[in-house]
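The values are calculated or read from the model by the stated rules, or taken from the named source; none is laboratory data. In this text the structure is predicted, and so the values were computed from the model without any measurement. Glycine gets a Cβ as well: all are built from the backbone with ideal geometry, and neighbour counts include every protein chain shown. The accessibility values were calculated without ligands, DNA or RNA, using every heavy atom of the protein model including side chains. Shrake-Rupley method; radii C 1.70, N 1.55, O 1.52, S 1.80 Å.
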2 protein chains.
Amino acid sequence: MKRTVITPRTLRGFADVMPSAGRRRRQLLEVLEEVYTSFGFEPIQTPAVEYAEILKGKGGTESDKQMFEFEDKGGRRVALRFDLTVPLARFVAQHESELTFPFRAYNIGYVWRGDRPQRGRYREFLQSDADIIGVSGITADAEILTIIATALGRMDIGPFTIRLNNRKILNGVLTRLELQDRVPPVLRALDKVDKIGPAAVADELAGAGVTAAAAQDLLALIGSVQASNEATLSHVGASVKGSAEGETGVAEVREVIELVSAALGAPAPIRFDPSIVRGLDYYTGMVFEAVHDEAPGAGSISGGGRYDDLASVYTTSRLPGVGVSIGVSRILSVLDGLGRLSDLPRDRTLVVLTQDLGSDRPELMRLAAAIRGAGPFDVELYPAAVKHATQMKYGDARGARFLLTLDADGTMSVKDMESGERASAAPAGVPALLSKLAGGA
Amino acid sequence: MKRTVITPRTLRGFADVMPSAGRRRRQLLEVLEEVYTSFGFEPIQTPAVEYAEILKGKGGTESDKQMFEFEDKGGRRVALRFDLTVPLARFVAQHESELTFPFRAYNIGYVWRGDRPQRGRYREFLQSDADIIGVSGITADAEILTIIATALGRMDIGPFTIRLNNRKILNGVLTRLELQDRVPPVLRALDKVDKIGPAAVADELAGAGVTAAAAQDLLALIGSVQASNEATLSHVGASVKGSAEGETGVAEVREVIELVSAALGAPAPIRFDPSIVRGLDYYTGMVFEAVHDEAPGAGSISGGGRYDDLASVYTTSRLPGVGVSIGVSRILSVLDGLGRLSDLPRDRTLVVLTQDLGSDRPELMRLAAAIRGAGPFDVELYPAAVKHATQMKYGDARGARFLLTLDADGTMSVKDMESGERASAAPAGVPALLSKLAGGA
């Protein structure tokens, strides 16, 4: 019977994770969970699919356009989540009475955006969010920034920089320029400066009713990064002089950098950068994003900020907070671009046991279990009695350190693929022999 | 400005994971990844959204009906994955040339089914699949069963039983009864015996053109579980006598139980049960499912089997394999039903540092980091200088073991919530003091 074969393929912007990337992904997630937990954060999860009305209308119209929205079989308008922040707001509003505030939560999961796919930008990607909800003030901001610096540092992905700004600074300047009723369009325009350049931003600002002089003021402010944070702080401090909100913003940035440096016991990898806006409307204080220093063009590997009224769409309680998204898929993509996706060494030593037609298979199963129990060994029993050379070739291709063969006389031959040497032992002595050989390397 | 509040709610069948369940979920996933890795399995991931034509037509018509299918903004028919097995088949066919066979892979992810929601059955649930692809023979089956037994055992969820059968046994009997051209409808009918009872199954078999005598034969076979596996094997062995396929099936079950017991160093928690069918059409050999002994009515917490031609829809290569799905959401639901979802003790000791308006916050950040670095401590700095009593109450509600207050004179007061005792030390001495107090508990 001849049958039609369906060409195996994935949707554009949706990628399989291959084993080498999968190992890196696991390591990144382990670091994240370890770091979050050590700061007292609790794991939560929200569904991938929610009522469309819940997910829409918070992130802004661009998010809404990119949402995967559809009607389910019960006729409900539903959508795949666009980020983890809006679901968190819904979660906190819904379970408010069951939670202890300030509530520290982390949530690791996929999000979906119908963005134009391009290198490093997927339509499905894995994010990891951590938030402290129910409190104002910069201690929480400093803890979140410390978490970013600690987690990215422990991931061993190379040098990175957290670009930090405070919305209060821009708000102060906008008030001085009498643009306080045009904050969202102005911020959205300024947010594009890295992408489209200052001239195009000036045009967009003009379109939003900003005078040329005010636009020049704003562009000068966001273009004022100096050699040191202190120099930038002085420079920006001068331009917000007289605006209480702007001066508070500058003071908060200075103090938060000091707090993070204290926690890290070293200068924080933070650069105060007044051009950081983060387009989303809900931020009200600190805003930040991290870039990999060797791939700054790849986009931010992390971003977040303080919101003073996130859940107001779902509850009359005021729930201020601060949070970060760490882009796990983005980090994997950056490492891939740097040719460093597969450079993670195996945690443990791989052992492959071969088998022949006459092999004592219960003995092989017992031995595999004994080796796993004896130390940091991953053990595979080759699952078929095919040609011995095929099995040895397989073990080599897998990167096994030890290939084991049970001989007809009941002794086990060990081939050490690292040294090329051979040894043998009675099965009961094999775990100890392997531990010795592996330890001596 | 008055604004409308959207009632925060999730879709029916879609559940939030609260922190206590989230901790359990994390522990289950850690055990699974640890066990899979120790058997040489590699982590892979496939997208949640795929072309509908890729996902449909493999699992059977019931799966197709339950699929969340929709048109994306580019006019493509897409769907949320229904299981992790069909995407794996597509993955292996697509990446065949890049993989080393036999290919051992695990994939942990959510799947979506538009099932009628009921207790323990969600429309979105987390599964964890492990498969060995590219090889026939029962060694791989035995490794998969050993993985299930090892993982469920290490999860510390209570007693469980793996119910095991072999499709070859039923196939042998069906051939003897001259029903070989009606295998799928007969298996689907037999698969329902636990749910609808033997009388209704007999009716359904009659509808599929099975004679009353043959139906009685089949029902007797699948109802023949005896006190011991050996007794059931003898009984079933007698009824397949003369069918080579049936006899092979019985011999394979006997040997696989022996192999798993050898690996575990104890009798395998496996019960040979000829009524296990697993409705899906693609199984060809061993089939199995695990139930929690204290909640057998909650449905299977794991299931799988051997398929000899899984990827044939996507490739002309023949790729036999064996795999298991472990139902992480189902296990959490079973533990919840048993009142044991929150009984996981904290891995590490929680410490809460309080702060006052005049506190030396850099000192507090430094100290929090030092305590984290000193041992198994999770440390929170209370993120606002609110009333001290509020902060102490928070620490208590969070289950903190130690509450710390930096006094005006620069010494740190420690309250041990377990013993009720108080101690104090210079900040630099606090990590050692906490280690001593925690170690002495």
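With in contact (Cβ under 8 Å) with a residue 60 or more places away in the chain, more than 22 Å from the chain's Cα centre (by Cα) and closer than 30 Å to A:Leu319 by Cβ as the only criterion, which of A:Val193, A:Val183, A:Val135 stands out? Please lay out each step first, then the result.
Details: A:Val193 fails: closer than 30 Å to A:Leu319 by Cβ; A:Val183 fails: in contact (Cβ under 8 Å) with a residue 60 or more places away in the chain.
Being in contact (Cβ under 8 Å) with a residue 60 or more places away in the chain, more than 22 Å from the chain's Cα centre (by Cα) and closer than 30 Å to A:Leu319 by Cβ holds for just one of A:Val193, A:Val183, A:Val135, which is A:Val135.
Could you say which residue among A:Val92, A:Val78, A:Val86 is modelled with pLDDT under 95, assigned by TED's automatic domain parsing to the domain that holds A:Pro185 and among the hydrophobic types (A, V, I, L, M, F, W, C)?
Numbers: A:Val92 fails: modelled with pLDDT under 95; A:Val78 fails: modelled with pLDDT under 95.
Sole residue among the options that is modelled with pLDDT under 95, assigned by TED's automatic domain parsing to the domain that holds A:Pro185 and among the hydrophobic types (A, V, I, L, M, F, W, C): A:Val86.
Restricting to segment B:13-45, what's the tally of residues that are more than 8 Å from chain A (Cβ to nearest Cβ) and not hydroxyl-bearing (Ser, Thr, Tyr)?
Residues that pass the stated criteria total 12.
Quick check: anything in segment B:270-284 closer than 30 Å to B:Leu99 by Cβ and charged (D, E, K, R)?
Yes, the conditions are met somewhere in segment B:270-284.
Within segment A:50-69, does at least one residue satisfy the condition of being in contact with an Asp or Glu (Cβ under 8 Å, 6 or more places away or on another chain), open to solvent by less than 10 Å² (accessible area, probe 1.4 Å) and within 8 Å of chain B (Cβ to nearest Cβ)?
Taking every residue of segment A:50-69 in turn, none turns out to be in contact with an Asp or Glu (Cβ under 8 Å, 6 or more places away or on another chain), open to solvent by less than 10 Å² (accessible area, probe 1.4 Å) and within 8 Å of chain B (Cβ to nearest Cβ).
Please count how many residues of segment B:389-423 are farther than 26 Å from A:Glu98 by Cα and surrounded by fewer than 16 Cβ atoms within 10 Å (Cβ to Cβ).
Summing the residues that are farther than 26 Å from A:Glu98 by Cα and surrounded by fewer than 16 Cβ atoms within 10 Å (Cβ to Cβ) in segment B:389-423 gives 10.
Can you go through A:Thr100, A:Thr10 and tell me which one is facing chain B (nearest Cβ under 7 Å), closer than 30 Å to B:Thr4 by Cβ and either open to solvent by 50 Å² or more (accessible area, probe 1.4 Å) or among the polar types (S, T, N, Q) (or both)?
Going through A:Thr100, A:Thr10 in turn, the sole match is A:Thr100.
Run down A:Ile222, A:Ile257 and say which single residue is of a type in the set (A, V, I, L, M), open to solvent by 20 Å² or more (accessible area, probe 1.4 Å) and in contact (Cβ under 8 Å) with a residue 40 or more places away in the chain.
Criteria check complete, one pass: A:Ile257.
Of all the helices (runs of 4 or more DSSP H) wholly in segment B:352-441, which have at least 1 residues that are of a type in the set (Gly, Ala, Ser) and in contact (Cβ under 8 Å) with a residue 60 or more places away in the chain?
B:361-374, B:430-439
How about segment A:300-344: which of its residues are without any contact (Cβ under 8 Å) to a residue 60 or more places away in the chain and within 14 Å of another protein chain (Cβ to nearest Cβ)?
If the condition is that a residue be without any contact (Cβ under 8 Å) to a residue 60 or more places away in the chain and within 14 Å of another protein chain (Cβ to nearest Cβ), then A:Asp309, A:Ser312, A:Thr316, A:Arg318 are the ones that fit.
Tell me the residue from B:Arg81, B:Arg77 that is surrounded by 24 or more Cβ atoms within 10 Å (Cβ to Cβ) and more than 7 Å from chain A (Cβ to nearest Cβ), please. Step through it out loud before you land on a result.
Details: B:Arg77 fails: surrounded by 24 or more Cβ atoms within 10 Å (Cβ to Cβ).
Of the residues listed, the single one that is surrounded by 24 or more Cβ atoms within 10 Å (Cβ to Cβ) and more than 7 Å from chain A (Cβ to nearest Cβ) is B:Arg81.
Given the options B:Leu28, B:Leu32, B:Leu11, name the one that is aliphatic (A, V, I, L, M) and out of contact with any helix residue (DSSP H, G or I) (no Cβ under 7 Å at 6 or more places or on another chain). Reasoning before the result, please.
Numbers: B:Leu28 fails: out of contact with any helix residue (DSSP H, G or I) (no Cβ under 7 Å at 6 or more places or on another chain); B:Leu32 fails: out of contact with any helix residue (DSSP H, G or I) (no Cβ under 7 Å at 6 or more places or on another chain).
Result: B:Leu11 is the single residue among B:Leu28, B:Leu32, B:Leu11 that is aliphatic (A, V, I, L, M) and out of contact with any helix residue (DSSP H, G or I) (no Cβ under 7 Å at 6 or more places or on another chain).
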